[in-house]
1. For the range 140-167 and the range 179-225, what is the centre-to-centre distance using only Cα atoms, to the nearest Å?
2. Lys90's amide H: which non-local residues (gap 5+, or another chain) put their own amide H closer than 5 Å, with H modeled 1.01 Å from N in plane and none for Pro or chain starts?
3. Among DSSP bridges having both ends in the chain, what percentage is antiparallel? Round to the nearest 5.
4. Ala43's amide H: which non-local residues (gap 5+, or another chain) put their own amide H closer than 5 Å, with H modeled 1.01 Å from N in plane and none for Pro or chain starts?
5. Between Thr178 and Glu153, what is the spin-label point distance in nm, taking each point 7 Å from the Cα along the Cα→C-beta axis?
6. Normalised by the residues of the range 44-123, what does the relative contact order come to in percent, with Cα pairs under 8 Å and at least six apart?
7. Give me, ordered by chain and number, the residues 5 or more places off Leu99 or on other chains with an amide H under 5 Å from its own placed amide H.
8. Shape verdict for the range 118-225, please, from the Cα gyration tensor: rounded (a/c under 1.5), prolate (a/b greater than b/c) or oblate.
Amino acid sequence: MKISVIGTGKTGGKVVELLGDDLFEAFDRSNPPTVEKLKESDAVIIFVPGDAVPDILDEVIESGVPAAWGTTGYNWPGELEKRVKAKNAKWVLASNFSLGMNIIRKSIEAISAGSSILEDPKFHIHEVHHVHKKDAPSGTALSWKEWLDKKAEVTSAREGDVKGIHELTMKTGTEEITLKHKALDRALFAEGAIWAAEQLINNSKIEAGICTFGQLFDQVMEEQE
């Protein structure tokens, strides 16, 4: 495979490292992507901050190359799905590329459903990331709230070089339940992004358009059952 990477920061750099011989091109501000170069790739993995998306969005769309986006803190334009489909491209958007996060998603959905029998449960989501992360709360914390589908307080902290800690607490007057996910190494996000790119390249059942990482994960799991 020929996989290109846009964004060679903390996580993108880890993708570059893990791809090895499968890396086609690494793009950054000093080597911006072009439509022609992207078209030579089998897929592209993108880890750029939200404010950098407008600089590359048109090029990625125009290339029609399958794309795995790990960007958070960006409001995607409403016509994006239409533009991606018009190029017959396959995109996956992820707030978090941890494969284990899909286990967390199922757990949160179970907690949400089970909480209906409890007396006045209160929910709190807390996330911690490194001091250089610009968006707060994190995209993952917002996803957790979406999966929970309940009123929940969401708080954030920025400390050192923390890779990512997310914690959901459900509390009643008589008990407390805590669900926690801690990223130990950025390699887990790189591994998940590479897995997603491989699915976009090799899985013919994935249709053109945009899906979330969770939707991609669920589709692949269903196919394997």
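The values are calculated or read from the model by the stated rules, or taken from the named source; none is laboratory data. These figures come from a predicted structure and were not determined experimentally. Note that each Cβ is placed from the backbone with ideal geometry, even for glycine, and that neighbours are counted across all protein chains shown. Just the protein is used for accessible areas: all its heavy atoms, side chains included, with ligands, DNA and RNA removed. Shrake-Rupley method; radii C 1.70, N 1.55, O 1.52, S 1.80 Å.
1. When both Cα centres are located, 20 Å separates them.
2. Ala67, Gly209
3. 40 percent
4. Here Lys2, Ser4 satisfy the definition.
5. Taking the simple label geometry, Thr178 and Glu153 are separated by 1.5 nm.
6. On the way: 69 pairs, mean separation 22.5, N = 80.
Averaging sequence separation for qualifying contacts and normalising by length gives 28 percent for the range 44-123.
7. HN-HN under 5 Å from Leu99: Gly192.
8. Working: a/c = 2.48, a/b = 1.48, b/c = 1.68.
It is oblate, given that a/c is not under 1.5 and a/b is not larger than b/c.
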